[in-house]
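The values are calculated or read from the model by the stated rules, or taken from the named source; none is laboratory data. What you see is a predicted model; the values in this text were computed from it and never measured. Heads up, the Cβs are rebuilt from the backbone with ideal geometry, glycines too, and the neighbour counts pull from every protein chain shown.
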Amino acid sequence: MPANLYGPNDHDDLKNTYVVPALMRKFHEGKKEKRSSVEVWGSGNPLREFLHVDDLADACLFLMNGYSDLQFVNIGTGKELSVKELSFLIKRIVGYEGEIVFDPTKPDGTERKLMDVTKLTRLGWTYKIELEEGLRMVFENEFLKKT
């Protein structure tokens, strides 16, 4: 079972997307269009865990080559941050200078999504791509190429 994933080729259609590509697109467009603010749905308080898709692929290969139990294995980082912290991190990566406006009338979703990755860690696997590094790679390789 993987954590929330992000990475290359993610869809950024604001009507049907996930938090990372949605925020990247909003801040990137806000910067290009010199908007004074960008709206983020919800309070920003929910906690999320994010895993780069390359780390998921690496974990799957690791498990296919050495795991044969029938029990599920959680794949993630074991680290969480709030949507608010994620928003400010992506804002900085994109270079957007305006304000972030959280809209508490929009849904927050589940309050907390954190994986217990103890089993996978004990088997000898851990993620390699830190969130900031992974977000920067996605932004530079996906969003900057579109403009």
Being of a type outside the set (K, R), more than 16 Å from D116 (Cβ to Cβ) and assigned to a loop (DSSP other than H, G, I, E, B) is the filter here, so list the residues in region 31-54 that pass it. E33, S36, G42, S43, G44, N45, P46
Looking at region 120-145, which of its residues are polar (S, T, N, Q) and assigned to a helix (DSSP H, G or I)? T121, N141
Among (1) under 22 Å from K145 (Cβ atoms); (2) assigned to a strand (DSSP E or B) - the single one A57 does not satisfy: (2)
Being of a type in the set (F, W, Y) and closer than 30 Å to K34 by Cα narrows F62, F72, F88 down to just F88
Would you check if L61 is touching a strand residue (DSSP E or B) at 6+ places or on another chain (Cβ under 6 Å) and either in contact (Cβ under 8 Å) with a residue 12 or more places away in the chain or of a type outside the set (S, T, Y) (or both)? no
Is there a residue in region 118-126 that is surrounded by 15 or more Cβ atoms within 10 Å (Cβ to Cβ), within 20 Å of S82 (Cα to Cα) and in contact (Cβ under 8 Å) with a residue 12 or more places away in the chain? no
Among the listed residues E99, E142, E80, E132, identify the single one that is modelled with pLDDT of 95 or more, surrounded by 13 or more Cβ atoms within 10 Å (Cβ to Cβ) and acidic (D, E). E80
